[in-house]
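Take a look at the structure set out below.
The values are calculated or read from the model by the stated rules, or taken from the named source; none is laboratory data. Remember, it's a predicted structure, so these values are computed and weren't measured experimentally. Cβ: placed from backbone, ideal geometry, glycine included. Neighbour counts: every protein chain shown. Quick note on the areas: whole protein, heavy atoms, side chains included, nothing else; ligands and nucleic acids left out. Shrake-Rupley method; radii C 1.70, N 1.55, O 1.52, S 1.80 Å.
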Amino acid sequence: MSEQQSAAPDQYIHIVDDDEALRDSLVWLLESSGHRVRSYESAEAFLADFNLAMTGCLVLDVRMPGMSGLELFEELRRRHCSLPVIFITGHGDVPMAVSAVKKGAVDFIEKPFSERDMLDLIAECLAAEQASRGRRQLEAETVRRLTQLTQREREVLDLIIAGKLNKQIADVLGISIKTVEVHRARVMEKMEANSLAELVQNVLAADVGQGR
């Protein structure tokens, strides 16, 4: 993905760096490449603006006065922030950046960096964030659809997920195969699944997303 394949309309690149010259340079680079950008001079300023509805990615300097980039990263993890994070590091900060990557940061880029390397990293982050957000939305929608099932339909669904055939489901629930077929059709309709594979994948993904 290149910068010509621009971010989704609601995605922003959030830059947090106390170096005004670097911050302005990054804003110019990213905006001239078609991205939406918000910049902050400190971790505290970003936190004051932060909310879980933010989308896009975060470009974060490792060392800053006051709260450091690493401390901000840890705080955002505590707040369940899902923004992909790219760290900007000086040569001496590489071990810290590597540690942050092991804790969930996407990557780090060492100063001085090339415009192309930064744009490529940003593009990867935005694509990953958009895909992740899509998965979370599908999981939430699947959970909503599950609440629309009757108790019997949920029992049938659970047995479908367990790999049971219609005859086996009928035996377990003490109902006819024809009744199983009716319930199965209603489950497919309510879950808006086009195939058995899609039904199983969506329900299992939602279960994982909900921590079950």
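Picking from residues in segment 42-72 that are closer than 17 Å to ARG133 by Cα, aliphatic (A, V, I, L, M) and open to solvent by less than 70 Å² (accessible area, probe 1.4 Å), the one that is modelled with the highest pLDDT is LEU58. Taken over segment 64-98, the criterion of being of a type in the set (A, V, I, L, M, F, W, C) and closer than 23 Å to GLN11 by Cβ is satisfied by LEU72, PHE73, LEU76, CYS81, LEU83, VAL85, ILE86, PHE87, ILE88. May I ask you to verify whether ASP61 is touching a Gly at 6+ places or on another chain (Cβ under 6 Å), under 17 Å from HIS14 (Cα atoms) and not polar (S, T, N, Q)? Yes. Screening the candidates HIS14, HIS35 for the property of being part of a loop (DSSP other than H, G, I, E, B) and surrounded by 12 or more Cβ atoms within 10 Å (Cβ to Cβ) yields one hit, HIS35.
The sole residue among GLU129, GLU75, GLU110, GLU124 that is modelled with pLDDT under 95 and open to solvent by less than 50 Å² (accessible area, probe 1.4 Å) is GLU129.
Tallying residues that are over 24 Å from GLU71 (Cβ atoms) and either buried (at least 16 other Cβ atoms within 10 Å of the Cβ) or in contact with a Leu (Cβ under 7 Å, 6 or more places away or on another chain) (or both) within segment 21-32 yields 2. Taken residue by residue, segment 27-40 has no member that is at pLDDT below 95 and among the aliphatic types (A, V, I, L, M).
Scanning segment 38-51 for residues being of a type outside the set (A, V, I, L, M, F, W, C) and not in a loop (DSSP other than H, G, I, E, B) gives a total of 5. Among the residues making up segment 155-207, a single one is free of Cβ contacts under 8 Å to residues at least 24 places away in the same chain, under 19 Å from ARG136 (Cβ atoms) and either open to solvent by 60 Å² or more (accessible area, probe 1.4 Å) or among the polar types (S, T, N, Q) (or both): GLN201.
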